[in-house]
Structures are given as C-alpha cells and as structure tokens.
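Read through the structure below, which is laid out as structure tokens, and then see the notes.
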Amino acid sequence: MTTSAAVIVDAAAYAQAVKEAVGAAADYYAGGTSPLDDDAYDLLVRGIAAWEAGHPDQVLPESPTGKVAGGAVEGDVPHTVPMLSLDNVFSSEEFTAWTASLAHRIGHEVTRFSVGPKLDGLALAARYRGGRLTQLITRGDGTAGEDVTHAIGTIEGLPGTLAEPVTVEVRGEVLMTNAQFEHANEVRTAHGGQPFANPRNAAAGTLRAKERAYTVPMTFFGYGLLPLPGTTAALAERLTASAHSDLMQLAAEFGVHTSARTAVPEVVAESPEQVLAHVQEIATARADLPFGIDGIVIKADLAADQQAAGSGSRAPRWAIAYKLPAVEKITRLLEVEWNVGRTGIIAPRAVLEPVVIDGSTITYATLHNPADITRRGLLLGDHVMVHRAGDVIPRVEAPVTHLRTGDEALIAFPDECPRCGSGIDTSEERWRCTQGRNCHLVASLAYASGRDQLDIEGLGTTRVVQLVDAGLVTDLADLFTLEREQLLDLERMGETSTDNLLTAIAKAKEQPLSRVLCALGVRGTGRSMSRRIARYFATMDHVRAADAEAMQQVEGIGIEKAPSIVAELAELAPLIDKLIAAGVNMTEPGATPPPADTTPQDGTATAPAQAGPLAGMTVVVTGAMTGDLEKLSRNEMNELIERAGGRSSSSVSKKTTLVVAGEGAGSKRAKAEQLGVRLATPDEFAALVADLLV
Ligand code: IVH
C-alpha cells in the first residue's frame with residue numbers, strides 16, 4: 001500500500017495541483033468520470049497537504065484539504081449538524097499513529113472501536129418525521145446539501161415508513177450494488193444513454209437526475225442516526241448518549257438497512273490489534289462482495305469518547321477511514337484481440353498500457369462481448385477505466401470520453417472466425433464460431449495442410465469444414481485414410497477434385513519429418529524449430545525417445561521449453577501412432593540420428609556438426625528468388641539451407657556469413673554491404689547447393 005504523495009515544488013505547481021484536484025472532485029461528485037482515478041486523486045491531495053504544511057500562509061481558499069468535499073455540488077437545504085468527511089490512513093503504521101494521537105487527545109486509550117466497511121457511494125441524509133420518510137438531502141458542501149427527495153421510492157433499505165413513528169435523521173451511504181449497476185446500464189443504454197463508468201458514478205448520476213423516463217433501484221446503508229427539530233427529548237437524549245454500535249442496532253430495529261446483514265458487518269473491537277485483524281478480514285472479503293467498498297471505517301464507539309475527541313471543520317477526530325488500494329485505474333486501450341475459446345466463443349480482450357492495480361500489473365482486461373464494446377462506445381486509443389478486484393479477471397468499465405484527442409479509432413470486429421476462418425454466429429450477444437467445438441479442429445487441420453506444413457493442395461478451410469461437418473475427419477490422421485467414395489458423396493466434389501485431393505494427400509505422406517512435426521502444431525515449435533528438431537533427431541522414434549535433457553540438445557530449446565515440448569509430444573502419442581499406421585513418413589532425409597548419448601559430461605550442449613556445402617554458415621535470404629529457386633517459398637529456401645548444413649536466419653548481423661539477395665532486396669542487402677557480409681545472387685546460390693536441388 002502506498003503512502004507517498006505527489007511532490008509539489010513551488011507555488012505555481014501547488015496552484016496547478018489544487019486546480020486539478022478541484023476539477024476532479026467536482027466531476028466525481030456530479031457523477032462524471034474524473035480524469036484522475038482514486039489513487040491518483042489521493043496522491044495529489046496528499047501532495048497538496050504536504051506543501052500546505054510547509055507554507056501555511058499560502059493555502060488557497062479552494063484547496064480540497066480544508067473542505068468536507070472539495071468541489072461538491074452545493075445545495076440549499078441546511079444540515080442541522082454538519083455532514084463531515086473522514087480523514088484517511090493508508091497503512092497499519094498510520095492507523096496505529098492515529099490511535100495514539102486519539103488516546104493522547106482524550107486522555108486515555110480507546111477500548112471500544114467499531115469497525116465496518118467504507119461503502120463506496122454517496123452520503124445521504126434521510127429525514128423521517130413521525131416515522132415517515134419526508135426528505136432526502138445530499139451532503140453538498142457539508143453545511144447544506146441538495147434536495148433529492150424525488151429519489152424516494154427508488155432506494156432499497158430506506159423504508160417509506162419506519163417501524164416506529166419517530167422523528168429522526170438517518171445518515172448513510174447510497175450506492176448501486178454490482179447487480180443494480182449492470183441493470184442500470186442496461187436500462188440507460190436501452191434509452192439511448194451512455195453507460196456509467198462504475199457503480200459510484202451511476203449512483204451519483206441517478207440520485208441527482210430528476211426527470212428521467214425510467215427509474216433504477218439503488219441501495220442504502222445507514223451509518224448514523226441523529227435528532228431533528230421535533231425529535232422527542234427522550235429519543236434525542238438517547239441518540240446523543242448511545243454508543244455507535246447501539247445506534248446501528250436501533251436503526252436496524254427501525255427498519256433501516258445497515259451493513260449488519262452483509263458479509264462484512266460492522267463489529268466492535270477492543271484494541272488497535274483487533275481492529276487491524278478486522279481490517280484484514282474486510283479487505284479479504286472485498287473482492288467477493290456484491291457492492292463496492294473503498295476502505296474500512298473505524299470509529300471510537302462510545303459517545304463519551306466521541307465527544308471528548310470532537311471534530312475539526314472537515315472531519316471528526318473520533319473516526320478514520322483506512323483506505324484500501326483502489327481497484328480501478330485509468331489507462332489506455334491499445335488494441336483489441338479476439339480469442340476463440342474451447343467451445344468456439346469469440347471473445348474480445350483489451351490490450352492495455354500496463355497499469356498497476358492493487359500491486360499487480362494489468363496488461364489485459366476482458367471486454368465481455370462485441371455488443372458490450374458498442375454499448376460502452378469504446379474506441380482504440382481511449383483512456384479507459386479498468387476494474388480489478390481480488391483474483392477476478394480485470395475488466396474495462398468505460399471510456400473516459402473527455403480525455404479523447406480525436407486520434408482514437410474504431411474497433412474492428414472480425415467478420416470471420418479469427419482461429420479457423422469459418423463464419424461467425426452473431427445471433428447472440430456472445431459471438432461464436434459456426435464450427436463451435438470443432439473450430440479448433442478445423443484450424444489445426446487447415447494449418448497442417450498449409451503450404452509450409454504438409455502442403456496438401458486443395459485442402460483449404462472450406463474443404464476442411466466440409467470434411468469435419470460430415471464427420472469424416474476427427475483428427476489429422478483421418479485425412480490419410482479418406483476413401484474416394486466418401487469424398488465423392490460431398491457437395492461440390494466431382495471426380496477430378498476428389499482424385500486431385502487424394503493425390504495431394506498421398507503426396508503429403510512423403511513429406512519430411514520436419515513438416516510432419518510442424519503440422520502437429522506442438523506449442524513453441526514453428527517451422528524452423530521443427531526443422532531443427534527433425535535434423536537433430538532424424539527420426540520420429542528418436543524424437544519420441546528424447547527426454548527434456550535430450551531435447552535441450554537442439555539449438556534454441558532451453559530448460560523452459562524442453563519439458564513442455566516433451567510433454568506435448570507424449571500427449572500426441574496416439575495421433576502420431578495413427579499417422580505412422582496410415583503410412584506417413586517419419587524420417588528426415590539427409591539427417592543422421594544422434595549417437596546414443598550425446599550429453600557431454602560437462603553438461604554443455606553441442607549439436608553434432610552438420611555436413612554439406614553450407615556447413616558452418618549462417619544464411620539470410622531476401623528479395624524475390626529467380627531461376628531454379630523461383631518456385632521456392634521462403635520456408636522452402638530455409639529448408640534448403642538447413643539441408644545443405646547451414647543455419648537459416650531472418651536478420652542480417654555480424655554473424656551472418658552469406659546473404660542471398662534476390663530482386664527487390666532492400667534493407668537487408670544494404671546492411672550486408674555495410675557489414676561486409678558476402679552477397680550471392682539466387683543463381684550463384686543455386687550453384688552452391690546444386691546437389692540438393694532436384
Ligand atoms: S461515518 C462523521 N461510516 O465516507 C463521519 N462514513 O470519505 C461520518 N462512508 O462522508 C461518516 N461508509 O459518505 C461513515 N461506514 C461508514 C461509511 C462512511 C462510507 C462515507 C461517508 C463519508 C465518507 C468519507
């Protein structure tokens with residue numbers, strides 16, 4: 001938890017900081033989305049307070065430090081007793097120091113504290129006369145608030161009539177529970193409104209809105225009970241003399257909702273240590289609560305202690321807010337990724353400018369579904385409010401629209417499944433690949449038949465979808481046992497295309513081991529890694545016999561990657577067996593298996609030296625290939641280099657021995673020239689490896 005403050009160096013910076021804080025606070029109380037999140041605001045105010053402590057003669061009248069609520073919307077209904085704010089502590093040390101100063105002030109240790117949740121909403125005074133709810137007033141500037149009586153009937157926990165016909169003012173917090181917030185945003189957007197950024201803003205905006213076509217419920221939690229003009233002397237006496245915990249009991253008996261029946265009821269603690277234990281309990285429960293809290297409020301429970309401590313102009317001295325780290329921060333939305341889940345659900349995920357929330361760095365957050373993006377009106381490049389509580393997946397709540405620069409861009413929605421390329425079923429809010437659970441299968445088969453893997457001509461996504469839909473193929477090996485009749489039964493499969501496809505599949509059986517390995521799609525092994533594994537082990541038997549240590553002998557496979565590759569290959573064993581049974585080649589032409597034990601005694605890994613015309617060379621290919629090499633893809637060129645004993649690479653460095661520069665070669669050729677690396681034309685290179693070109 002941080003106790004640092006913004007550093008203010010001079011009067012000008014101080015004035016600027018005050019201006020920023022006042023603006024943010026005004027926005028906060030009016031239900032807008034402040035450009036500062038809570039942590040940033042606290043940091044700023046602490047910086048302002050620190051500077052003021054050293055320059056008491058230069059304190060600006062509008063400074064938020066001396067106010068109940070800097071920038072609050074002022075009202076015209078006077079409060080009988082000021083509605084104060086609370087001072088904050090941010091650590092157990094600060095809390096202990098506070099208890100010591102309180103004990104010093106009242107002349108003895110406090111032995112009864114009440115400890116309860118600091119509800120993240122807005123303070124509200126509810127006036128009951130003769131047991132009937134007659135008036136609702138916001139805190140305003142603390143001495144007078146705004147009349148929001150129109151909200152009567154929309155606030156759960158504030159009954160229209162109390163259990164007893166008393167005249168009394170109930171004070172407490174009005175908020176939206178998470179469920180009420182979701183509901184409110186649904187209703188609001190259905191009426192064409194912009195969604196609220198978070199429950200707090202939603203409650204603030206809703207409480208003050210007068211002529212809306214709809215009403216949405218909120219919830220009240222009482223935390224104070226005081227007399228009004230007209231309260232009987234007996235009750236007034238009771239209210240001023242009772243301990244806070246007894247008042248809360250009474251409020252509950254009157255029918256007012258308090259924290260008592262939540263998972264974090266207010267409790268009495270008898271020492272600062274006990275208080276801190278409750279603070280921990282509440283902090284732990286926070287993530288699972290159905291409403292937001294931003295701290296813990298600790299009060300001297302006994303009326304006598306409260307009276308002895310008294311109040312300052314801004315806050316009582318007998319109570320303190322132990323602030324918990326904010327669960328919301330503002331950061332930027334950099335990108336939206338579309339991920340396909342196991343069942344084919346296509347879910348958007350926000351890529352964020354990294355931001356620390358409650359000690360963890362957050363880079364990704366869920367965006368729920370495409371409709372949600374539209375509802376929230378998000379744009380790429382937006383500043384967004386990100387929420388993360390406990391272990392719950394972080395979520396983007398809303399854009400901070402007034403921070404827009406005009407450079408924001410629309411978020412592109414996919415028009416085909418980003419994994420397998422099939423269609424998307426958009427009939428529900430959650431988009432889904434039309435292949436559902438088969439999406440992954442379609443994607444992996446389409447990948448396996450691709451040009452750099454098994455290179456099965458005529459087997460693109462559409463055809464794969466057909467085969468999977470017809471139930472003819474449930475894994476890669478099934479491709480190799482397809483029968484002519486089965487294919488002929490499919491739509492748009494005439495004799496010629498069937499025969500062509502069967503020929504292409506038969507040809508694929510002869511692909512080198514490197515291509516088969518690549519087609520298996522083992523995580524962390526793309527084309528070049530598959531080639532290195534195949535060249536090193538030469539046969540699938542040797543690959544499968546390798547343990548993690550042996551796997552590490554392959555260049556580029558370290559201690560982290562090796563075990564996962566070995567494990568994944570073990571998982572793929574049934575499929576590999578099936579491929580072998582179907583007659584798929586499992587050897588790498590030109591490669592020889594490693595000797596039985598290639599692990600050197602000193603533990604250093606050395607791949608066996610390669611033979612061939614390019615032995616010991618690192619070769620980079622750039623530009624378009626011509627002549628004998630014209631038809632080779634970049635992957636095939638790399639395969640050729642490696643078969644010739646060389647190493648293929650994609651970037652030119654001092655370690656590069658040869659750059660094959662074809663037509664249109666640009667920066668790589670220039671770099672080679674600059675570094676003095678040998679250059680070859682495609683024809684010169686073809687001559688070099690002529691023996692391997694068949
Ligand atoms: S007692 C005279 N108890 O936090 C002190 N306040 O940041 C009255 N708040 O103005 C406050 N939960 O609006 C109290 N359990 C709780 C609270 C609570 C939330 C709010 C309240 C207060 C603000 C100060």
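The values are calculated or read from the model by the stated rules, or taken from the named source; none is laboratory data. Everything numeric in this text was worked out from a predicted model, so none of it was measured. With ideal geometry, Cβ positions are generated from the backbone for all residues, glycine too; neighbour counts draw on all protein chains shown. What goes into the accessible areas is simple: the full protein's heavy atoms, side chains included, and nothing from ligands, DNA or RNA. Shrake-Rupley method; radii C 1.70, N 1.55, O 1.52, S 1.80 Å.
Extension gain for the segment GLN307 to VAL268, taken as residue separation times 0.36 nm less the Cα-Cα distance, is 12.2 nm to one decimal. Within the straight-line cut-off of under 16 Å between alpha carbons, the aspartates and glutamates reachable from LYS654 are GLU673, sequence neighbours fewer than 8 places apart in one chain being disregarded. The simple Förster model, with R0 at 35 Å and r as the Cβ-Cβ distance, assigns VAL351 and ASP469 a FRET efficiency of 0.55. For the chain, the spread of Cα coordinates along the three principal axes comes to 108, 60, 48 Å, biggest extent given first. Put simply, the Cα atoms of the range 509-666 extend 45, 42, 25 Å along their principal axes, the longest span coming first. Principal axis extents of the Cα atoms in the range 132-226, from largest to smallest and rounded to whole angstrom, are 42, 30, 23.
A Förster radius of 41 Å combined with the Cβ-Cβ distance from GLU457 to ILE393 puts the calculated FRET efficiency at roughly 0.45.
Packing, taken as the mean count of other beta carbons within 10 Å per residue, orders the peptides 283-296, 303-316 from highest to lowest as 283-296, 303-316. For ILE362, the amide hydrogen comes within under 5 Å of the amide hydrogens of VAL355, VAL356, ILE357, counting only partners 5 or more places away or on other chains and with H modelled in the peptide plane.
To put it simply, the accessible area of the range 414-508 at a 1.4 Å probe is 44 percent carbon and sulfur.
The gain in end-to-end length when the ALA50 to SER497 segment is fully stretched comes to 152.9 nm, 0.36 nm per residue minus the alpha carbon separation.
Between THR374 and ASP541, the simple spin-label model (points 7 angstrom out along Cα→Cβ) gives 6.0 nm. In the chain, a dipole from Cβ-located charges (positive for Lys and Arg, negative for Asp and Glu) runs towards its positive end, and of LEU445, MET385, SER271 it is MET385 whose Cα lies farthest in that direction. Computed from the C-alpha gyration tensor, the three semi-axes of the ellipsoid equivalent to the range 250-383 are 42, 18, 15 Å, from longest to shortest. Assuming a ≥ b ≥ c are the square roots of the Cα gyration tensor eigenvalues, decide whether the range 169-306 counts as rounded (a/c under 1.5), prolate (otherwise, with a/b larger than b/c) or oblate. It is oblate, given that a/c is not under 1.5 and a/b is not larger than b/c. Kirkwood Rh, Cα Rg: Rg to Rh for the range 36-178? We get a ratio of 1.02 for the range 36-178.
The Rg/Rh ratio of the range 103-176, with both radii computed over alpha carbons and Rh defined as the Kirkwood radius, is 1.10.
Using the 1.4 Å probe convention, the accessible area of the range 125-210 works out to 36 Å² per residue with neighbouring protein chains retained.
Around the amide H of ASN88, modelled in the peptide plane, lie the amide H atoms of ALA321, all under 5 Å away and 5 or more residues distant in sequence or on another chain. Counting only DSSP H runs of at least 4 residues, each contributing -39500 (n - 2.57), and dividing by the residue count of the chain, the helix-based mean residue ellipticity at 222 nm comes to -10000 deg cm²/dmol. With R₀ set to 41 Å, the beta-carbon distance separating SER92 from GLU182 gives a calculated FRET efficiency near 0.75. The lysines within cross-link reach of LYS299, meaning a Cα-to-Cα straight distance under 19 Å and a gap of 8 or more places when in the same chain, are LYS118, LYS323. Between the range 398-430 and the range 464-489, the C-alpha centres lie 34 angstrom from each other. The stretch between LYS631 and ALA100 holds 182.9 nm of extra length on full extension. This uses 0.36 nm per residue minus the Cα-Cα distance.
Applying a DSSP loop filter and a limit of 12 other Cβ atoms within 10 Å to the trypsin sites (Lys or Arg not before Pro) in the range 169-256 leaves LYS210. For LYS509, the lysines whose Cα falls under 30 Å of its own Cα, not counting residues fewer than eight places away in the same chain, are LYS561, LYS578, LYS631.
To put it simply, the accessible area of the range 139-246 at a 1.4 Å probe is 53 percent carbon and sulfur.
Per residue, how large is the accessible surface of the range 621-694? Use a 1.4 angstrom probe and give square angstrom. On a per-residue basis, the range 621-694 sits at 54 Å². In this structure TYR41 has an accessible area near 60 Å², from a 1.4 Å probe over the protein heavy atoms.
Projecting label points 7 angstrom from Cα along Cα→Cβ for ARG430 and GLU560 puts them 3.1 nm apart.
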